[in-house]
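*Asks:* Have a look at this one before I ask anything.
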Amino acid sequence: MATRTDAPTRREQILKEAARLFADRGFHGVGVDEIGAAVGISGPGLYRHFAGKDAMLAELLVGISGQLMTGAKRRVAEAQDGPDALLDSLIEGHIDFAIDDRDLITLHDRELDRLRDSDRKLVRQLQRQYVELWVDCVRKVYPALAEPHARVAVHAVFGLLNSTPHLSRPGSLPGRTATAGLLHKLARGAFAAAAAQDGPGE
């Protein structure tokens, strides 16, 4: 979502506004008429694009999990400078999501349980695959780091990066470049600290 440069489709416009409204007021606090008004169409007109709010929520949450996994796999496939550079690339990709798709982080935290079982299981499956891709990379960068500890570290770094919706209002944060740089240093520091704990003599 964050890296798209061409004009968004009407479906994408609807999803973006739905994510913003759901994150701000909760899934049940928003009606289809309000979502429609945000994109300049009637509420009933939304049903030409989605079966209802439940379908929008599912596409948002399944969609972002799929996009994160697809983006990570692409970074792995394109990696040419070794695991250390790949880890930096994975971190950069997740930071882009954490900064640019803050509404989706809030939505995931609050509304994941509202998905039907099959969609929720798909989200969890994609998330597990995403975690394991990171674990594999982290252990190549820090070979002394035991696999269970690497997995804990990856989850902890995700928690750190995904904290962006709770930091403050967007306008009171440092600039995007400064925020991204700080988050990157914190993520690498967390992995290095975990590896130091598992190093020789520990």
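*Asks:* Per 5 Å bin from zero, what fraction in whole % of the C-alpha pairs of the range 1-150 is there, up to the bin with the longest pair?
*Replies:* The distribution over the range 1-150 is 2, 9, 17, 18, 18, 14, 9, 6, 4, 2, 1, 0, given as percents.
*Asks:* While we're looking at this one, here's another question. Round to a whole number: what % of the accessible area of the chain belongs to carbon and sulfur, probe 1.4 Å? Kindly include the intermediate steps, with their values, before the conclusion.
*Replies:* Working: 5750 of 10870 Å².
After summing per-atom areas, the C and S share lands at 53 percent.
*Asks:* How far, in degrees from 0 to 90, does helix 147-161 lean away from the longest principal axis of the Cα atoms of the chain, to the nearest 10?
*Replies:* Once rounded, one gets 50 degrees.
*Asks:* Taking a quarter of the surface of the Cα convex hull of the range 67-108, what do you get in nm²?
*Replies:* 2.9
*Asks:* Magnitude of the Cβ-charge dipole of the chain, K/R +1 and D/E -1, about the Cα centre, nearest 20 debye?
*Replies:* With only Lys, Arg, Asp and Glu charged at Cβ, the dipole is about 280 debye.
*Asks:* Here's something else I'd like to know. Could you point to the residue in 42, 107, 29 farthest towards the positive end of the chain's charge dipole, with +1 and -1 charges on the Cβ of Lys/Arg and Asp/Glu respectively?
*Replies:* 42
*Asks:* Stretch residue 116-residue 144 to full length: gain in nm at 0.36 nm per residue minus the Cα-Cα span?
*Replies:* Gain on extension, residue 116 to residue 144, equals 6.0 nm.
*Asks:* Also: How large is the accessible surface per residue of the range 88-202, computed with a 1.4 Å probe and reported in Å² as a whole number?
*Replies:* 54
*Asks:* In the full protein assembly as shown, how much of residue 121 is accessible to a 1.4 Å probe, in Å² to the nearest 10?
*Replies:* It works out to around 140 Å².
*Asks:* Along the charge dipole of the chain, pointing to its positive end and built from +1/-1 on Cβ of Lys, Arg, Asp and Glu, which listed residue (126, 184, 158) has its Cα farthest out?
*Replies:* Farthest along the dipole direction, towards plus: 126.
*Asks:* In Å, what is the Rg of the alpha-carbon atoms in the range 77-202, and how long is Dmax?
*Replies:* 15.7, 48
*Asks:* Continuing with this model, one more query. Order 9, 179, most accessible first, counting only protein heavy atoms with a 1.4 angstrom probe.
*Replies:* 9, 179
The values are calculated or read from the model by the stated rules, or taken from the named source; none is laboratory data. Nothing here was measured: the structure is a model prediction, and the numbers come from that model. Virtual Cβ from ideal backbone geometry, glycine too; neighbours counted across all protein chains shown. In case anyone asks, the SASA skips ligands and DNA or RNA and just uses the protein heavy atoms, side chains included. Shrake-Rupley method; radii C 1.70, N 1.55, O 1.52, S 1.80 Å.
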